[in-house]
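See below for the structure under consideration.
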Amino acid sequence: MRLLITGGAGFIGSAFVRLALQENWVGRLVNLDKLTYAGNLENLSSVENDPRYRFVQGDICDTAQVIALIEEEKPDAIVHFAAESHVDRSILGPAAFVETNVKGTFSMLEAARATRLARFLHVSTDEVYGSIDEPHDADEEYPLKASSPYSASKAGSDLLALSYYTTFKMAVTVTRASNNYGPFQFPEKLIPLMISNALEGKPLPIYGDGMQVRDWLFVDDHCRAIWAALTKGAAGQIYNVGGSRALPNRAVVEMILEAVGQPSSLMTTVADRPGHDRRYAITTEKLEKATGWKALVPFEQGLAETIQWYRDNTAWIARVRSGDYQAYYTKNYQSR
Ligand code: NAD
Ligand code: TYD
């Protein structure tokens, strides 16, 4: 398999690159990434000399560059990870989300159509279903009710991707995963932010009552699901990917504090996120039945591995938190 992926310098994309090469899923892997604040080639230092791997810096919105790359590399499939991915940033500035997630996905689909590329997997999120009241869990037929500019832009890109199957008969598959966690995650999302603050004894900002529920999926389980959906899933289908481990935020943060040996008093209630989804919950039977995939990493094990990784990689944390991160942190948290 020759694969072109986008966004491979980010958190999930880089985990996919490392796993795909380690497991010999691919004979060729080309990674197209713009290297925004979230893209970090340090995440890929372990594979940079692998002859099967090539990094290309570029913007998914540049359709001509994508077409030229496809013509040069002749991939069998595209796995499209690249996105603006953080809800709080989409509240502070939605424009980049429409640009990258909607127009960027459109550009990737057009490039694939122009080159008659055989297979396209669009990586999406369970956030497109919006907040889900108990006792329901969203299956793939659940209505879309996105709450944030991030999730709305992902819902828009999902529909565009699926329209290329219906209209142009392109072999498009969409995966919708729950909240990922693991090594190399940028410390703007809940788990890496809380671990990195806790390791330094800094306050842990809890939005509102902290009883919002998220389903946690270890990043390698997500990558295996994407590979399963690409190779065993059907075109025109959507597959949810979840960890089947729903927890309120406070419980997750308590577990982190206990593991790090810090007191619960570090938890600091701050103003809630506007439009905050109360609960995400999905069913994953469709992917399991179609491909035999199952989440393998229990949350306690994945969290312990993740905390250990952040303990061992304080220089990585320091580097990604220098520069723009401080400005973002001040903007997002100071006025709360
Ligand atoms: P991330 O923010 O860590 O990485 C995004 C990557 O995309 C970065 O390397 C960035 O440089 C690149 N990128 C951004 N704009 C680009 C552009 N215009 N052209 C080329 N590259 C560009 O994101 P992530 O958490 O790894 O998420 C990857 C995908 O998975 C996204 O599509 C996201 O919506 C989806 N997803 C994420 C989660 C999660 O919990 N993080 C859950 C479900 C789905
Ligand atoms: P996040 O990691 O941003 O993922 P998403 O909102 O896309 O699910 O947040 C996960 C949960 O943690 C969400 O309910 C918001 C909450 N949260 C906080 O309470 N404090 C924080 O500083 C962050 C980043 C998130």
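The values are calculated or read from the model by the stated rules, or taken from the named source; none is laboratory data. Keep in mind the model is a prediction, meaning the values are calculated, not measured. Backbone-built Cβ (ideal geometry, glycine too); neighbour counts: all protein chains shown. SASA here: full protein model, heavy atoms, side chains in, ligands and nucleic acids out. Shrake-Rupley method; radii C 1.70, N 1.55, O 1.52, S 1.80 Å.
Observations
- Filter result (under 15 Å from residue 258 (Cα atoms) and not in a helix (DSSP H, G or I)) within region 196-226: 200, 201, 202, 203, 204
- The set of residues in region 171-195 being of a type in the set (Gly, Ala, Ser) and either over 13 Å from the mean Cα position of the chain (by Cα) or in a helix (DSSP H, G or I) (or both) consists of 171 alone.
- Selected residue (criterion: nearest to residue 99 (Cα to Cα)) from residues of region 20-38 that are open to solvent by less than 10 Å² (accessible area, probe 1.4 Å) and within 13 Å of ligand 1 (Cβ to nearest atom): 32
- Members of region 224-237 that are surrounded by fewer than 24 Cβ atoms within 10 Å (Cβ to Cβ) and under 16 Å from the mean Cα position of the chain (by Cα): 224, 227
- Qualifying positions in region 129-141 - more than 11 Å from residue 277 (Cα to Cα) and touching a residue at least 24 places away in the same chain (Cβ under 8 Å): 134, 136, 137, 138, 139, 140
- Subset of region 203-227 [closer than 16 Å to residue 121 by Cβ and touching a Phe, Trp or Tyr at 6+ places or on another chain (Cβ under 8 Å)]: 223, 224, 225, 226, 227
- Test: residue in region 109-130 that is surrounded by fewer than 17 Cβ atoms within 10 Å (Cβ to Cβ), outside any helix (DSSP H, G or I) and among the hydrophobic types (A, V, I, L, M, F, W, C): yes
- Filter result for the condition that a residue is of a type in the set (Asp, Glu) and either open to solvent by less than 70 Å² (accessible area, probe 1.4 Å) or touching a residue at least 12 places away in the same chain (Cβ under 8 Å) (or both), over 272, 312: 272
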